[in-house]
Structure formats: structure tokens, C-alpha cells
Amino acid sequence: MKTYSFYRDKKVTVWERTHFTIHADSEEAAILKAAAIDLENMETAEEPQMVISSSEVLYDTVEELPTAENNGQPTAELFMDDAKFDLISDNVAGTAWDNWWKETDMPTRERILQHRKQSSITQISESEIGEQGDVWWNTLSTEERYRIWRQEYIDKP
């Protein structure tokens, strides 16, 4: 039995700590200068009295980022090392093959349906092809959907 390598990318939030010094005549003056720094652009701030000494990622503050807080975009993605294709699945669109089927044009769907079902569907409308195609696709096992996707999208000459 072979071993195959995969990886998951996960979008998270984490705190980063930046250590810096401020040269001032008093503690009060230093605090006031520090409070006036643009915290979002600290690294590019033009404050001659401020010197950034180091920064560190506070790994104990890592939290998963919900898709709702990422504008509905994926926050977890699955990949295979050295694969012929990129993404296997993500936590928004699902598997690459199911997402591919949703985006497949009607002529391709019709060709696949005719080939797979061995029936003539040339007399039905595009909306019927779409509906029938979705019903048919959802009756297939994950393995069958993967094989069709692989044959039609990845291994296609």
C-alpha cells in the first residue's frame, strides 16, 4: 500500500506582538507618543523617536476564522502534494468535482449524460438538462463523481 501526502491550509486569526522603544524626556511624554502611533501602520510610521526592536507571533492566541468573517470565502482548503490539479476541497464550495459539476456548461453536461445514461436527451431543454443532470449527479457515489471529474477535467487530452 502506498502513502500519499496531503496538506490543509487553514485561515486563522492570531495576535502579533511588536516590541519597540520610544525616546522621550519623561514617562508621560513616552506614553503620549506611544498612544499617538497609528497601530495599524506601525512598521511604516515616521516617528524618529520610535525604534522597533522585534516582533513575535503569539501562537497561543490562534483562533479559527469563520467563513462569515471572511466574506463567505473559504477558510480551510485541502490539497495533495504533487497533484496534477490544485484544490481538492474547501469549506465553502465542497469538493472540486462537485464544484466543477455546478459550473459545467450545458453542452458538456448533455454529452456526459448521454454517454453515462446511454439515453437520448437531445429533445429536452437546457433547464431540464440542468435539473436532470443535478439529480443524476447527486445519485452518484463520491468515487463515481470523482472519476467523472478526473476523466473530464483533469485527464482530458
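A few remarks follow.
- Amide H contacts of Ala76: Lys11, Asn91, each under 5 Å away and 5 or more positions distant or on a separate chain (H built 1.01 Å from N in the peptide plane; Pro and chain starts excluded).
- Largest first, the extents of the alpha carbon coordinates of the range 1-92 on the three principal axes equal 69, 30, 24 Å.
- For the range 1-92, the residue among Met42, Leu87, Thr61 whose Cα projects farthest onto the positive side of the dipole built from Cβ charges is Leu87.
- For the chain, modelled as a GNM whose springs connect Cα atoms under 10 angstrom apart, the maximal fluctuation among Glu143, Glu56, Glu46 occurs at Glu46.
- When Cα extents along the principal axes in Å is computed from the coordinates, the matching label among (1) 62, 53, 19; (2) 63, 31, 26; (3) 87, 43, 27 is (3).
- Measuring between alpha carbons in the structure, the pairs from Lys11/Lys156; Lys2/Lys102; Lys10/Lys33; Lys11/Lys102 lying more than 27 angstrom apart are Lys11/Lys156; Lys2/Lys102; Lys10/Lys33.
- Taking a sphere under 11 Å around the Cβ of Thr108 and counting the other residues whose Cβ falls inside, with K and R at +1 and D and E at -1, yields a net charge of -1.
- Net dipole in debye of the range 1-84 [+1 Lys, Arg Cβ; -1 Asp, Glu Cβ; about Cα centre; nearest 20]: 600
- In the chain, the longest principal axis of the Cα atoms and the axis of helix 106-117 are about 50 degrees apart.
- Against the rule of thumb 2.2 N^0.38 Å, how large the Cα Rg of the range 1-50 comes out: 2.10
- Relative to the longest principal axis of the Cα atoms of the chain, helix 126-139 runs at roughly 80 degrees.
Computed from the coordinates by the stated procedures, all read-outs in this text should not be read as laboratory data. Note that the coordinates shown come from a computational prediction; the quantities given were computed from them, not determined experimentally. Because the Cβ atoms are built from the backbone with ideal geometry, glycine has one as well, and the counts that use them run over all protein chains shown.
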